[in-house]
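K.L.:
To start, I am sharing the structure in question, which I have written as structure tokens.
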Amino acid sequence: MRIRVVLVSLVLVTCGVSAPARAVVSFGAVVPAPVSSVPASGVTYQITSSASVYSDVPGTGDLLAQQLRRSTGYPVPIASAPPADGISLRLTGAPGGDEAYQLDVTAAAITISANKPAGLFYGVQTLRQLLPPTADSPTVQPGPWQVPGGRIVDQPRYAYRGAMLDVARHFFPLSAVERYVDQIALYKINVLHLHLSDDQGWRIVIDSWPRLATYGGSTAVGGDPGGYYTKAQYQELVAYAAARSVTIIPEIDMPGHTNAALASYADLNCNGVAPPLYTGTDVGFSSLCVSKEITYTFVDQVLGELAAITPGPYLHLGGDEASSTSAADYKTFMNRVQPLAHGKTVIGWHDIVNATPLPSTVAQYWGTSTRNAAVAGAGRKVIMSPASRAYLDMKYNRRTPLGQTWAGVIEVRDAYGWDPATFLSGLPSSQVLGVEAPLWTETIRTGADIDYMAFPRLPALAELGWSPQSTHDWTAFKSRLAAQGPRWRVMGVNYYHSTQISWPAGS
Ligand code: ACM
């Protein structure tokens, strides 16, 4: 550590080209925007080879130290007490709730204080964004490793800040999903909703119905390779996510979007005949058999096995686009399956309001309209995922090579330019649980494809979920977002270089 005056010195090289200035990152570069940040003019802290990390709880401190070792090449040991020179993570409290934190950077040390481990984790994500982008490199880079001095006091606007990944239309190996967890956690997203079953594939082992995975999971859209997660892999993912303050919410979509299950077990079909596996992209043609008792045994056993390996509080039962189920059958079915969630709270796509949602059932709004009286009414909690703003599978513009357009095209400004509290007219803001950005994968086949559609829109959604509405400002957001470009480049994120953003040269 040494005290430095922040002279952002542009090093002019003799040939007249300015070398990249080792400018200290500014507080104004953090996404999502913090509630309050007060820079200490002229103060910086510098991580040197003598820095160590101390944490009141295991986990977050280790992740931070590992990353700093990788990129700085310094030893960064874990200290047994708050170090004179280093970074301390303390459960000594912060103004706000479980996810709140306070970050203090002086010339001598960095302290993150919080009420709970989640707050410490979020303080560390802010700290990462205050370090030079190269601090996120997987390989050793030259320093210096400076952090701007000052204080940030921060807490989220909404408790629920989600991303959804459709692993049914295309299957993604565990490593790709864990990479996505890493990416979303950097922006303080705390839910990964996994769409685990659909017409084109069933992606989780259910011991009492083994053909769901082995047969129903063997396909994907376009005949691409299928796949499924073992329970051990799913539990590994749950733990990996938990270490990054991310809760996994599994979705088994029903009664529609079920061709993979219907193909796996003839008994689940009203006519007793299993349809062939499906690799197209139509929706609305499949339905579980509402009049058969075995359907409810199936749902009960599937949800029971899933609940047993899901520590989070929610199970998502889908319920969307059940166009092959009559309205009466839909109501009968959704009303019978909601109590089968094995102690978990049910989330359904907002179509579930056409049945009788339990008072605790959460509706996920995916419409494009700003009016839907049935969803807004009845005092229920709502997750806001309006398709025309929050769907990451919509194209950025007509020339985007991936994605769809049925809900419109969504440039970065569109993804950022709405307020979850007021989007749906008539929905009291107190009923908004939060936001979620779904990524459907009919056209998405690789990790690089995921990157391209999620970045930079996912950080826009993350900011809507975390930052107070009073900070909402497109011009300021654009410059915060631009600062992420060099970080994504270092991290190998294949982001869309939207022309709405002035990305720094070379990023
Ligand atoms: C949906 O997009 N069918 C929820």
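The values are calculated or read from the model by the stated rules, or taken from the named source; none is laboratory data. What you see is a predicted model; the values in this text were computed from it and never measured. Cβ coordinates were reconstructed from backbone atoms using ideal geometry, including for glycine residues, and neighbour counts include every protein chain displayed.
K.L.:
So which of 340, 288, 277, 262 is out of contact with any Gly (no Cβ under 6 Å at 6 or more places or on another chain), crowded, with 16+ Cβ neighbours inside 10 Å and more than 18 Å from residue 199 (Cα to Cα)?
P.N.:
Working: 288 fails: more than 18 Å from residue 199 (Cα to Cα); 277 fails: more than 18 Å from residue 199 (Cα to Cα); 262 fails: more than 18 Å from residue 199 (Cα to Cα).
Going through 340, 288, 277, 262 in turn, just one is out of contact with any Gly (no Cβ under 6 Å at 6 or more places or on another chain), crowded, with 16+ Cβ neighbours inside 10 Å and more than 18 Å from residue 199 (Cα to Cα): 340.
K.L.:
Have a look at 137, 88 and point out the one that is touching an Asp or Glu at 6+ places or on another chain (Cβ under 9 Å), of a type in the set (Gly, Ala, Ser) and more than 18 Å from residue 32 (Cα to Cα). Walk me through how you get there before you give the answer.
P.N.:
On the way: 137 fails: touching an Asp or Glu at 6+ places or on another chain (Cβ under 9 Å).
Just one listed residue meets the conditions, 88.
K.L.:
Same structure, new question: Scan region 282-311 for residues that are β-branched (Val, Ile, Thr) and either free of Cβ contacts under 8 Å to residues at least 40 places away in the same chain or closer than 20 Å to residue 213 by Cα (or both) and jot them down. Break it down stepwise before answering.
P.N.:
Our first condition is that a residue be β-branched (Val, Ile, Thr); within region 282-311, this holds for 283, 290, 294-295, 297, 299, 302, 309-310.
Residues satisfying the conditions are 294, 295, 297, 299, 302, 309, 310.
K.L.:
Within region 383-414, which residues are in contact with a strand residue (DSSP E or B) (Cβ under 9 Å, 6 or more places away or on another chain) and of a type in the set (A, V, I, L, M, F, W, C)?
P.N.:
Selection gives 383, 384, 387, 390, 392, 394, 406, 407, 409, 410.
K.L.:
Report yes if residue 98 is surrounded by fewer than 18 Cβ atoms within 10 Å (Cβ to Cβ), within 17 Å of residue 240 (Cα to Cα) and under 23 Å from the mean Cα position of the chain (by Cα), otherwise no.
P.N.:
Details: surrounded by fewer than 18 Cβ atoms within 10 Å (Cβ to Cβ): yes; within 17 Å of residue 240 (Cα to Cα): no; under 23 Å from the mean Cα position of the chain (by Cα): yes.
Considered against the rule, which asks whether it is surrounded by fewer than 18 Cβ atoms within 10 Å (Cβ to Cβ), within 17 Å of residue 240 (Cα to Cα) and under 23 Å from the mean Cα position of the chain (by Cα), residue 98 comes out as no.
K.L.:
List every residue pair whose Cβ atoms sit under 6 Å apart, with the two residues 6 or more apart in sequence or on different chains, where the first one lies in region 351-374 and is without any contact (Cβ under 8 Å) to a residue 24 or more places away in the chain and closer than 25 Å to residue 313 by Cβ and the second, anywhere, is within 16 Å of the ligand (Cβ to nearest atom) and in a strand (DSSP E or B).
P.N.:
Taking only residues 6 or more apart or on different chains, the pairs are 361/346; 363/382.
K.L.:
Out of the residues in region 300-338 that are within 16 Å of the ligand (Cβ to nearest atom) and among the acidic types (Asp, Glu), which is nearest to the chain's Cα centre (by Cα)?
P.N.:
320
K.L.:
How many of the residues in region 310-327 are over 16 Å from residue 252 (Cβ atoms), in contact with a Phe, Trp or Tyr (Cβ under 8 Å, 6 or more places away or on another chain) and outside any loop (DSSP other than H, G, I, E, B)?
P.N.:
Residues flagged as over 16 Å from residue 252 (Cβ atoms), in contact with a Phe, Trp or Tyr (Cβ under 8 Å, 6 or more places away or on another chain) and outside any loop (DSSP other than H, G, I, E, B) within region 310-327 amount to 0.
K.L.:
What number of residues in region 343-355 are in a helix (DSSP H, G or I) and either surrounded by fewer than 16 Cβ atoms within 10 Å (Cβ to Cβ) or in contact with a Gly (Cβ under 6 Å, 6 or more places away or on another chain) (or both)?
P.N.:
Just the residues of region 343-355 that are in a helix (DSSP H, G or I), to begin with: 350-354.
This time we only want the ones that are either surrounded by fewer than 16 Cβ atoms within 10 Å (Cβ to Cβ) or in contact with a Gly (Cβ under 6 Å, 6 or more places away or on another chain) (or both), so: 351-352, 354.
Residues that pass the stated criteria total 3.
K.L.:
When the residues of region 167-206 are narrowed to those that are of a type in the set (Asp, Glu) and crowded, with 24+ Cβ neighbours inside 10 Å, which ends up nearest to the chain's Cα centre (by Cα)? It would help to see each step written out before you state the result.
P.N.:
From region 167-206, those of a type in the set (Asp, Glu) are 178, 182, 198-199; that's our starting set.
Okay, now just the ones that are also crowded, with 24+ Cβ neighbours inside 10 Å, so 198-199.
On the way: 198: 20, 199: 24 Å.
Going through the qualifying residues, I end up with 198.
K.L.:
Next question, about the same structure. Can you name the residue in region 265-288 that is of a type in the set (S, T, N, Q) and away from the ligand (no atom under 16 Å from the Cβ) and is also farthest from residue 315 (Cα to Cα) among such residues? Please lay out each step first, then the result.
P.N.:
From region 265-288, those of a type in the set (S, T, N, Q) are 269, 271, 279, 281, 286-287; that's our starting set.
Adding the requirement that they be away from the ligand (no atom under 16 Å from the Cβ) leaves 269, 271, 279.
Working: 269: 24, 271: 29, 279: 26 Å.
In this case the residue turns out to be 271.
K.L.:
So, one more: Hey, residue 343 hits all of (1) within 18 Å of residue 296 (Cα to Cα); (2) more than 25 Å from the chain's Cα centre (by Cα); (3) of a type in the set (Gly, Ala, Ser) but one; which does it fall short on?
P.N.:
(2)
K.L.:
Among the candidates 212, 262, which residue alone is at pLDDT 95 or above, more than 16 Å from the ligand (Cβ to nearest atom), touching a strand residue (DSSP E or B) at 6+ places or on another chain (Cβ under 8 Å) and outside any loop (DSSP other than H, G, I, E, B)?
P.N.:
Numbers: 262 fails: touching a strand residue (DSSP E or B) at 6+ places or on another chain (Cβ under 8 Å).
From the options 212, 262, the qualifying one is 212.
K.L.:
Follow-up. Just need a number here: residues in region 291-309 that are surrounded by fewer than 17 Cβ atoms within 10 Å (Cβ to Cβ), in a helix (DSSP H, G or I) and not small (Gly, Ala, Ser). Can you show your working first?
P.N.:
Here is the first cut: in region 291-309, the ones surrounded by fewer than 17 Cβ atoms within 10 Å (Cβ to Cβ) are 291-294, 296-297, 301, 304, 308-309.
Retained after the next criterion (residues that are in a helix (DSSP H, G or I)): 293-294, 296-297, 301, 304, 308.
Okay, now just the ones that are also not small (Gly, Ala, Ser), so 293-294, 296-297, 301.
Of the residues in that region, 5 qualify.
K.L.:
Anything in region 50-64 that is buried (at least 22 other Cβ atoms within 10 Å of the Cβ), out of contact with any Pro (no Cβ under 7 Å at 6 or more places or on another chain) and either closer than 12 Å to residue 127 by Cβ or among the β-branched types (Val, Ile, Thr) (or both)? List them, or say none.
P.N.:
Matches in region 50-64: 53, 61, 64.
K.L.:
Right, something else. Check off (1) β-branched (Val, Ile, Thr); (2) away from the ligand (no atom under 15 Å from the Cβ); (3) out of contact with any helix residue (DSSP H, G or I) (no Cβ under 6 Å at 6 or more places or on another chain) for residue 362 and give me the number that stays unchecked.
P.N.:
Just one mismatch for residue 362, condition (2).
K.L.:
Still on this structure, please answer the following. Answer yes or no: is there a residue in region 246-254 that is more than 16 Å from the ligand (Cβ to nearest atom) and surrounded by fewer than 18 Cβ atoms within 10 Å (Cβ to Cβ). If you could, list the steps in order and put the result at the bottom.
P.N.:
Filtering region 246-254 down to residues more than 16 Å from the ligand (Cβ to nearest atom) leaves 246-248.
Imposing the further condition that a residue be surrounded by fewer than 18 Cβ atoms within 10 Å (Cβ to Cβ) reduces the set to none.
Among the residues of region 246-254, not one is more than 16 Å from the ligand (Cβ to nearest atom) and surrounded by fewer than 18 Cβ atoms within 10 Å (Cβ to Cβ), which makes the answer no.
For every residue, the table says whether it meets (1) among the β-branched types (Val, Ile, Thr); (2) more than 13 Å from the ligand (Cβ to nearest atom); (3) touching a Cys at 6+ places or on another chain (Cβ under 8 Å); (4) farther than 24 Å from residue 326 by Cα.
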site	(1), (2), (3), (4)
345	yes, yes, no, yes
383	yes, no, no, yes
386	no, no, no, yes
402	no, yes, no, yes
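K.L.:
Separate question: So is residue 278 within 27 Å of residue 231 (Cα to Cα), out of contact with any His (no Cβ under 7 Å at 6 or more places or on another chain), part of a loop (DSSP other than H, G, I, E, B) and not hydrophobic (A, V, I, L, M, F, W, C) or not? I'd like the intermediate steps shown before the answer.
P.N.:
Details: within 27 Å of residue 231 (Cα to Cα): yes; out of contact with any His (no Cβ under 7 Å at 6 or more places or on another chain): yes; part of a loop (DSSP other than H, G, I, E, B): yes; not hydrophobic (A, V, I, L, M, F, W, C): yes.
For residue 278, the condition - within 27 Å of residue 231 (Cα to Cα), out of contact with any His (no Cβ under 7 Å at 6 or more places or on another chain), part of a loop (DSSP other than H, G, I, E, B) and not hydrophobic (A, V, I, L, M, F, W, C) - is met.
K.L.:
Here is a follow-up. State whether the residues of region 394-404 include one that is within 30 Å of residue 356 (Cβ to Cβ) and buried (at least 19 other Cβ atoms within 10 Å of the Cβ).
P.N.:
Step one: of region 394-404, the residues within 30 Å of residue 356 (Cβ to Cβ) are none.
Looking through region 394-404, none of the residues is within 30 Å of residue 356 (Cβ to Cβ) and buried (at least 19 other Cβ atoms within 10 Å of the Cβ).
K.L.:
Could I ask something else about it? Is there a residue being small (Gly, Ala, Ser) and part of a strand (DSSP E or B) anywhere in region 475-484?
P.N.:
Step one: filter region 475-484 for residues small (Gly, Ala, Ser), giving 476, 479, 482-483.
Filter once more, keeping what is part of a strand (DSSP E or B): none.
No - not one qualifying residue is present in region 475-484.
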